[in-house]
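Please read the structure below before turning to the comments.
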Amino acid sequence: MGPAVCRAGLVAALRSVKLGGAAVGLVITASHNPVRDNGVKIVDADGGMMSQDWEPFADALANAPNPDALLQIVLQFAKDEEIKLGGCHSAQVLLARDTRPTGEYLLAAAMKGVNAVIGAVAVDMGILTTPQLHWMVRSKNKGLRDSEMDYFSQVIGSFRCLLELVPKDKGADVINNRLIVDGANGIGGLKLEEMKENISGLDIHVRNSGRGEGILNERCGADFVQKEKVVPLGFVPEDATFRCASFDGDADRLVYFRIVSSSDSRIDLVDGDKILSLFVLFIREQLDIINGKDNQGNEVLPTRFGVIQTAYANGASTDYLKDLGLEVVFTPTGVKYLHKKALEYDIGIYFEANGHGTVLFSDHFVSQLESLTSEFSSKVAGSSQHQAAMRLLATSQLINQAVGDAISGMLLVEAVLQYKGWSFQNWCDLYTDLPSRQLKVKVQDRAAIVTTDAERRVCQPSGLQELIDGEIAKYSHGRCFVRPSGTEDVVRVYAEASTEEAADSLAKQVAQHVERILG
Ligand SMILES: CC(=O)N[C@H]1[C@@H](OP(=O)(O)O)O[C@H](CO)[C@@H](O)[C@@H]1O
Ligand SMILES: [Mg+2]
């Protein structure tokens with residue numbers, strides 16, 4: 001992996017040169033995957049994932065057969081992109097890694113790649129969560145305070161502000177402030193242990209904190225909890241009935257769960273779909289208060305509100321959101337697609353079922369909100385409209401605007417539950433998920449499957465979609481799709497139906513079609 005990561009460092013440095021020296025980020029992590037793996041993520045100057053326009057160049061560089069070929073690819077690309085080499089432009093790449101044992105060596109390899117570009121400076125930011133590095137790159141390029149301490153104070157301070165804006169009549173229930181967090185034996189657990197003493201209003205207990213003997217992502221963490229739907233390692237019978245959150249290995253995924261009873265391993269899962277629904281309810285309520293929904297007056301804060309899901313969103317969640325009168329937009333799987341679509345709105349909320357997701361507020365909307373809050377403060381200080389505007393502002397400060405962030409997402413969940421005076425059960429009762437099943441099928445060439453309509457239908461190989469439709473027609477509330485994985489050499493099958501048995505059978509039948517046609 002060393003050479004591949006070194007080349008990624010080269011890409012990141014050239015990206016910074018192309019952007020006139022704006023900071024670019026690079027994280028050494030393999031997210032929710034086993035500890036023996038590792039990987040690299042490039043963070044663009046806006047704090048999001050690297051522009052998709054540069055992916056072909058990155059692919060070509062990663063696959064260059066030898067140094068001469070690599071040099072030719074770089075020189076040709078620099079010419080095409082009008083990137084002036086030779087140090088006439090500065091460049092800076094902020095690097096970070098998670099807790100994997102291979103991280104230190106790979107970060108050094110990445111630095112070599114960065115330093116191969118004359119004028120480029122590599123800055124080692126240390127061991128961070130992936131969202132922290134995204135946040136730092138975005139903050140630095142926006143001229144905001146961008147240190148890790150600034151991250152902590154912004155997140156903790158805005159959470160505290162939201163708690164202070166909880167209406168006094170909301171009686172939080174007894175267990176409300178105890179929260180048990182599965183840190184996946186990763187960086188998220190370590191950072192939360194650092195932060196928790198300063199987080200008022202919550203009694204946080206971290207399991208799999210990363211300080212003990214546990215193995216990263218091993219039968220724990222958000223991906224394990226969301227896919228297997230059983231209690232992660234590290235939890236004890238006394239944790240039953242309490243509200244639990246689970247991070248993945250680089251803390252950019254968040255799900256919640258509750259251990260049903262101390263005597264078995266079943267959990268009640270609250271996945272990304274339900275986190276999205278909670279945030280939608282809260283934000284829409286604040287907008288309704290600000291706009292005086294009851295007095296039919298002109299809206300003081302007209303807002304283009306976008307809700308973005310993928311095909312993996314449970315059908316029940318999409319129906320719930322549509323019943324709220326919201327337009328739900330679908331994109332292919334992958335944060336880069338959802339994030340890009342969410343940027344089209346004043347407020348764009350996106351979550352994948354597996355817990356990747358965040359809430360984006362456009363700069364224009366935040367500036368309007370700041371002016372309105374100041375106007376409310378002078379004219380109707382303390383009014384419900386003023387409080388709602390302050391809640392939205394604090395939310396835009398708390399939720400990571402660069403990428404999904406398990407820590408900031410968890411704190412927004414906690415603030416909203418306290419605002420609504422809801423227990424975990426109230427949240428679970430928002431809607432009932434349709435039973436679902438995910439399978440993986442190993443085939444000769446997963447790329448033979450070409451999908452359309454945000455991966456919900458197959459257009460190649462011909463005949464396969466008709467077979468899938470034929471199986472779906474056998475089940476009530478049946479839905480099923482197949483797609484090639486972007487991170488594993490498999491075809492993924494997703495099925496849902498009105499019963500567990502039906503969902504299992506639908507998934508199995510369709511997987512057999514895939515295996516027979518492509519096996
Ligand atoms: C079903 C599933 O969980 N797919 C994940 C997985 O992508 P695949 O292309 O399905 O391998 O990894 C991606 C990166 O973490 C994440 O965005 C996506 O949601
Ligand atoms: Mg991750």
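The values are calculated or read from the model by the stated rules, or taken from the named source; none is laboratory data. Everything numeric in this text was worked out from a predicted model, so none of it was measured. All Cβ positions, glycine included, derive from the backbone under ideal geometry; neighbour counts span all protein chains shown.
So if I check each of Gly126, Gly113, which one is assigned by the TED database to the domain that holds Asp37, surrounded by fewer than 20 Cβ atoms within 10 Å (Cβ to Cβ) and among the small types (Gly, Ala, Ser)? Let's see the steps before the verdict.
Numbers: Gly113 fails: surrounded by fewer than 20 Cβ atoms within 10 Å (Cβ to Cβ).
Only one candidate passes the filter, namely Gly126.
If you check Ala394, Ala402, which single one turns out to be under 18 Å from Asp150 (Cα atoms), among the aliphatic types (A, V, I, L, M) and assigned to a helix (DSSP H, G or I)?
Answer to the selection: Ala394.
Do we have Asp248 as in contact with an Asp or Glu (Cβ under 7 Å, 6 or more places away or on another chain) and either of a type in the set (Phe, Trp, Tyr) or not assigned by the TED database to the domain that holds Arg391 (or both) here? Break it down stepwise before answering.
Details: in contact with an Asp or Glu (Cβ under 7 Å, 6 or more places away or on another chain): yes; either of a type in the set (Phe, Trp, Tyr) or not assigned by the TED database to the domain that holds Arg391 (or both): yes.
Answer is yes for this residue.
Here is a yes/no grid of residues against (1) over 11 Å from Ala511 (Cα atoms); (2) under 30 Å from the mean Cα position of the chain (by Cα); (3) within 16 Å of ligand 1 (Cβ to nearest atom); (4) modelled with pLDDT under 95:
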{"position": "Thr451", "(1), (2), (3), (4)": "yes, yes, yes, no"}
{"position": "Arg456", "(1), (2), (3), (4)": "yes, yes, yes, no"}
{"position": "Cys459", "(1), (2), (3), (4)": "yes, yes, no, no"}
{"position": "Ala473", "(1), (2), (3), (4)": "yes, no, no, no"}
{"position": "Asp489", "(1), (2), (3), (4)": "yes, yes, yes, yes"}
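If Gln132 satisfies all but one of (1) among the polar types (S, T, N, Q); (2) touching a Phe, Trp or Tyr at 6+ places or on another chain (Cβ under 9 Å); (3) surrounded by fewer than 24 Cβ atoms within 10 Å (Cβ to Cβ), what's the number of the condition it fails?
(3)
From the list Val117, Val166, pick out the single residue that is part of a loop (DSSP other than H, G, I, E, B) and in contact with a Phe, Trp or Tyr (Cβ under 6 Å, 6 or more places away or on another chain).
Working: Val117 fails: in contact with a Phe, Trp or Tyr (Cβ under 6 Å, 6 or more places away or on another chain).
That would be Val166, the only listed residue that is part of a loop (DSSP other than H, G, I, E, B) and in contact with a Phe, Trp or Tyr (Cβ under 6 Å, 6 or more places away or on another chain).
Of all residues in region 432-443, which are surrounded by fewer than 17 Cβ atoms within 10 Å (Cβ to Cβ) and either under 30 Å from Asn176 (Cα atoms) or modelled with pLDDT of 95 or more (or both)?
If the condition is that a residue be surrounded by fewer than 17 Cβ atoms within 10 Å (Cβ to Cβ) and either under 30 Å from Asn176 (Cα atoms) or modelled with pLDDT of 95 or more (or both), then Thr432, Lys440, Lys442 are the ones that fit.
Regarding Ser498, is this residue surrounded by fewer than 19 Cβ atoms within 10 Å (Cβ to Cβ), among the hydroxyl-bearing types (Ser, Thr, Tyr), within 29 Å of the chain's Cα centre (by Cα) and away from ligand 1 (no atom under 16 Å from the Cβ)?
Numbers: surrounded by fewer than 19 Cβ atoms within 10 Å (Cβ to Cβ): yes; among the hydroxyl-bearing types (Ser, Thr, Tyr): yes; within 29 Å of the chain's Cα centre (by Cα): yes; away from ligand 1 (no atom under 16 Å from the Cβ): yes.
The answer is yes for Ser498.
Just one of (1) without any contact (Cβ under 8 Å) to a residue 40 or more places away in the chain; (2) closer than 30 Å to Thr373 by Cα trips up Arg266, so point out which.
(2)
Counting only residues that are touching a residue at least 60 places away in the same chain (Cβ under 8 Å) and away from ligand 2 (no atom under 15 Å from the Cβ), which one in region 221-263 is farthest from Val35 (Cα to Cα)?
That would be Thr241.
Please find, within region 354-411, the residue that is surrounded by the most Cβ atoms within 10 Å (Cβ to Cβ) out of those that are without any contact (Cβ under 8 Å) to a residue 60 or more places away in the chain, within 21 Å of Thr331 (Cα to Cα) and more than 16 Å from ligand 2 (Cβ to nearest atom).
So the residue we want is Leu360.
Can you list the helices (runs of 4 or more DSSP H) found entirely within region 218-332 that contain at least 3 residues being surrounded by 16 or more Cβ atoms within 10 Å (Cβ to Cβ) and more than 16 Å from ligand 1 (Cβ to nearest atom)? Write out each step before concluding.
Values: elements: 222-228, 272-290, 315-323.
Filter on region 218-332 gives 272-290, 315-323.
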